[in-house]
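For reference, the structure is listed below as structure tokens.
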Amino acid sequence: MEDCQSQVADLKKLRAISYLAPNSFDFYQAVVAYAGRILGVATQLHQGECDPLQDPLLIENQVDLLFICGLPLIRYCRHVPSQLQVLVAPVMKATRYQNQPIYFSDVIVNAASGLTRFEDLAFKSFCYNDLGSNSGYNLLCDRLIQTGHSKNFFSQAIQSGSHQRSIEWVVNGRVDCAAIDSVVLERELQQFPELSHQLRVVEVLGPSPMPPLVVAQRLGTASIEQLQFALLQPDTELQSVMEEVGVRRFTVVELKEYEGLAESFSSRDKEFLSTRSNKTL
């Protein structure tokens with residue numbers, strides 16, 4: 001096997017991918033650019049176009065940095081335990097995050113509807129971004145199971161393909177409700193303030209551990225530690241972007257903090273809701 005240090009020495013471009021919602025892509029770009037400045041290499045970031053568990057780039061170990069939700073991360077690492085290492089996770093500034101690396105799932109409805117409580121959603125239509133999403137699907141399934149509701153709670157459960165499309169469907173009335181990553185929703189509200197008058201949050205699920213920044217172990221211990229230390233003390237350029245998107249700081253997290261997500265996912269039928277209707281509109 002090629003020595004890790006020689007691999008890092010030969011690194012000409014830092015290849016990064018984001019599997020998270022694209023409405024914070026500018027923030028991810030700033031983080032990757034900062035990592036490139038620290039390591040003295042060019043950078044490349046692109047938006048993931050498929051499930052990370054099925055992405056050939058990740059499977060073939062062709063990615064150096066990843067922005068990824070904790071649930072697919074821990075599921076992937078259970079199958080490939082020696083490829084990736086958790087680096088840091090962002091801590092959001094808003095009071096609800098308690099200065100901790102956590103986020104929530106906000107269950108939204110159209111503000112013009114008469115829906116005000118979770119119980120009002122019985123026999124209504126629901127959409128989710130994908131079956132592997134913690135905030136969009138997993139947490140809601142857990143909520144129904146823990147409160148004794150059956151898989152027939154909703155009249156219909158439909159895959160939208162993304163959090164932003166789920167928001168759009170709730171706004172235009174194509175579905176009654178959706179569960180949205182709280183950070184994604186807040187970023188949408190920041191970029192499109194009119195949404196605050198069009199949506200209502202009727203339930204908050206979580207918290208869950210914040211999606212982390214992940215690094216390929218083949219970069220070597222020295223480079224990984226260098227990146228981690230630098231992100232804990234970002235320069236003024238990165239701090240400016242962090243301020244814009246509401247990130248207070250980065251903090252060190254460990255892979256084991258995401259184990260609980262996989263446990264809840266594996267303890268139930270992964271198609272708990274979608275068995276009634278799994279078509280995409």
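Key figures
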| quantity | calculated |
| --- | --- |
| LEU20 being open to solvent by less than 60 Å² (accessible area, probe 1.4 Å), more than 21 Å from GLY136 (Cα to Cα) and touching a strand residue (DSSP E or B) at 6+ places or on another chain (Cβ under 9 Å) | no |
| Options GLU188, GLU194; residue that is open to solvent by 30 Å² or more (accessible area, probe 1.4 Å) and acidic (Asp, Glu) | GLU194 |
| Residues that are open to solvent by less than 20 Å² (accessible area, probe 1.4 Å) and without any contact (Cβ under 8 Å) to a residue 60 or more places away in the chain, drawn from segment 98-119 | none |
| Residues of segment 29-76 satisfying the condition of being open to solvent by 10 Å² or more (accessible area, probe 1.4 Å), touching a residue at least 60 places away in the same chain (Cβ under 8 Å), of a type outside the set (Lys, Arg) and over 22 Å from GLU237 (Cα atoms) | ASP51, LEU53, ASN61, CYS69, PRO72 |
| Failed criterion for LEU53 (all others in (1) within 13 Å of the chain's Cα centre (by Cα); (2) farther than 30 Å from PHE192 by Cα; (3) not polar (S, T, N, Q) hold) | (1) |
| Residue ID - farthest from the chain's Cα centre (by Cα), chosen from residues in segment 120-130 that are of a type outside the set (Lys, Arg) and surrounded by 14 or more Cβ atoms within 10 Å (Cβ to Cβ) | ASP120 |
| Conditions (1) over 16 Å from ALA94 (Cα atoms); (2) open to solvent by 70 Å² or more (accessible area, probe 1.4 Å): number failed by PRO211 | (2) |
| Subset of segment 144-183 [open to solvent by 40 Å² or more (accessible area, probe 1.4 Å), assigned to a helix (DSSP H, G or I) and touching a residue at least 40 places away in the same chain (Cβ under 8 Å)] | ILE145, GLN164, VAL171 |
| Members of segment 6-17 that are surrounded by 13 or more Cβ atoms within 10 Å (Cβ to Cβ) and at pLDDT below 95 | GLN7, VAL8, LEU11 |
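Residue-by-condition table, conditions (1) free of Cβ contacts under 8 Å to residues at least 12 places away in the same chain; (2) among the aliphatic types (A, V, I, L, M):
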position	(1), (2)
GLN191	no, no
GLU194	yes, no
VAL201	no, yes
VAL204	no, yes
PRO209	no, no
PRO212	no, no
ALA222	no, yes
LEU232	no, yes
SER240	yes, no
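The values are calculated or read from the model by the stated rules, or taken from the named source; none is laboratory data. Owing to the predicted nature of the structure, the values given are computational and were not obtained by experimental measurement. Note that we place each Cβ from the backbone using ideal geometry, even for glycine, and neighbour counts take in every protein chain shown. These accessible areas exclude ligands, DNA and RNA; they are computed on the full protein's heavy atoms, side chains included. Shrake-Rupley method; radii C 1.70, N 1.55, O 1.52, S 1.80 Å.
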